[in-house]
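What follows draws every value from the coordinates through simple rules; no lab data is involved. The structure presented is a predicted model; accordingly, all values stated were derived computationally and were not measured. Cβ: placed from backbone, ideal geometry, glycine included. Neighbour counts: every protein chain shown.
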Amino acid sequence: MRELPADFFRAPYAFYQELRSDGPVHQIRLRNGVRAWLVVDYDAAKAVLRHPDIHKDPHSATGARARQVGAGASGVTSANNRLSHHLLNADPPRHSRLRKLVTPAFAPARMDALAPRVAAIADELLDGIADATGPVDLLDAYAFPLPITVICELLGVPVEDRARFRAWSAAVADMSMSTPEGMRAATNAVVNYFDGLVALRRTNGLGDDLISQLLTVTDDGDRLSHDELISTAFLILVAGHETTVNLISNTVLALLTDPPRYRALHDDPTGIPALVEEMLRYNGPVNIATLRYSTAPIALGGTEIPAGELVLVALASANRDERHFADPTALDPDRASSHLAFGHGIHFCLGAGLARLEARIALTRLVARFPRLRLAVEDDDLRWRESILIRGLLDLPVDPAGAPAMR
């Protein structure tokens, strides 16, 4: 039984490389004591992500949850249960039904139409950074408020509530790092909030926002139930900003530790789309994909995962698998893209197009506005989130005027 090393959240890649050298799947114990099977190589990850005996619905995996987590330890409440009725926690045929109802909200044309508004939000935030004297936390000043503002406007929820959304997201999105009490408080708050928001739409009339669209969407008379609606809205809120926040900040960090690359993109930003795609592989925003459960014994590379077990897919490890990617530790925007950063199979991220759009615009505007941007701390002083789900920084101190890093 392997355990996560002390420096896992800061530097997971050496641990993943060690695991891959010993096989594609390993039993591990998480910091909260939960035991799971961790899939670390590319081919095994793709196989698990599309395997019919690997399920997402926690209600169909009570054996695994009862043995490994337990109702009390998991923080399960009626509110928590009400937040589980979205497509990320569903298996076919229910998943197919939900995805069919939700997919129109993320039509490519609708996402592309957001570009001018995303650029306007980026420029407004960059104005604030330009007015600052001294170092700025780029995560708080730019990488977080840009996507949360976009997703709040899409959903039709007040942007001034974004601080609460951030706290709820941190508590609910990553079970492995949350206390039962924290999960209960956050899930109750989320359910109450979205219950109230939906009630307002029903009372005051619908608009052109996503919640209004989800309230009215139908397919041959089928529509989302109330619990499906509020859990889907919360999933969109969380997934709609978490990925982009960390994609932006991880990419900026990579650029600031490679000043010639940063200057080259300032001079010619046409390379930014390719850089974003490579960053999704190189140091993407999702470390380990959300929980899955084996419903039958599964053989992977000579190891059998029994039925009724928790299964985790390390996307960050798969994306650096030396058997699939040449020189995987190098940041190479010219390589052909075949990463798993947005998943694979039926649960491929619906918001991938929006994340790419926001990251491209955010980086293009940033490098154009601040050609001398530099880190305001040493690389070793950066703090990483202690999350198995998210690969991202707690803060990113920068100097917009390009002063040397503080020592």
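A few points about this structure:
- Distance between the C-alpha centres of segment 92-133 and segment 361-379: 22 Å, rounded to the whole angstrom.
- All C-alpha to C-alpha distances of the chain, sorted into 10 Å bins beginning at zero, yield P(r) values of 4, 22, 32, 27, 13, 2, 0 percent in whole numbers.
- GNM top mover of L200, L373, L253 - the chain, alpha-carbon springs below 10 Å: L200
- Under-5 Å amide H pairs with L393, H placed in peptide plane, nonlocal only: R385
- One chain, two ends: R261 and R10. Fully extended at 0.36 nm per residue, the span grows by 88.0 nm beyond their Cα-Cα distance.
- Only Lys, Arg (+1) and Asp, Glu (-1) charged, at Cβ; the chain dipole about Cα centre in debye: 800
- Label-point gap, in nm, between A368 and T270 - each point 7 angstrom along Cα→Cβ: 1.6
- Unit charges at the beta carbon, dipole of the chain: most positive-side option, L49, I298, L256: I298
- Amide hydrogen neighbours beyond the local backbone of L312, cut-off 5 Å, H modeled: W37, L38, V39
- Radius 12 Å from Cβ of L340, net charge of other residues (Lys, Arg +1; Asp, Glu -1): +1
- If R0 is 56 Å, the Cβ-Cβ spacing of M1 and L206 corresponds to a FRET efficiency of close to 0.60.
- Listed residues A185, M111, P397: farthest to the positive end of the dipole of the chain (Cβ charges): A185
- Shown for the chain are the DSSP H helices of 27 Å or more along their axis, judged by Cα atoms, with a mean Kyte-Doolittle hydropathy of at least 1.0: 226-256.
- Proximal charge balance of T257 [Cβ under 11 Å; K/R count +1, D/E count -1]: -1
- Result for the chain in a Gaussian network model with C-alpha springs under 10 Å: among H51, H266, H26, the largest mean-square fluctuation is at H51.
- Rounded to 0.05, the FRET efficiency of the A107 and Q27 pair, given R0 = 30 Å and the Cβ-Cβ distance, is 0.10.
- Just checking the listed ones, V198, V39, V276: in the Gaussian network model of the chain with Cα springs under 10 Å, the one fluctuating most is V198.
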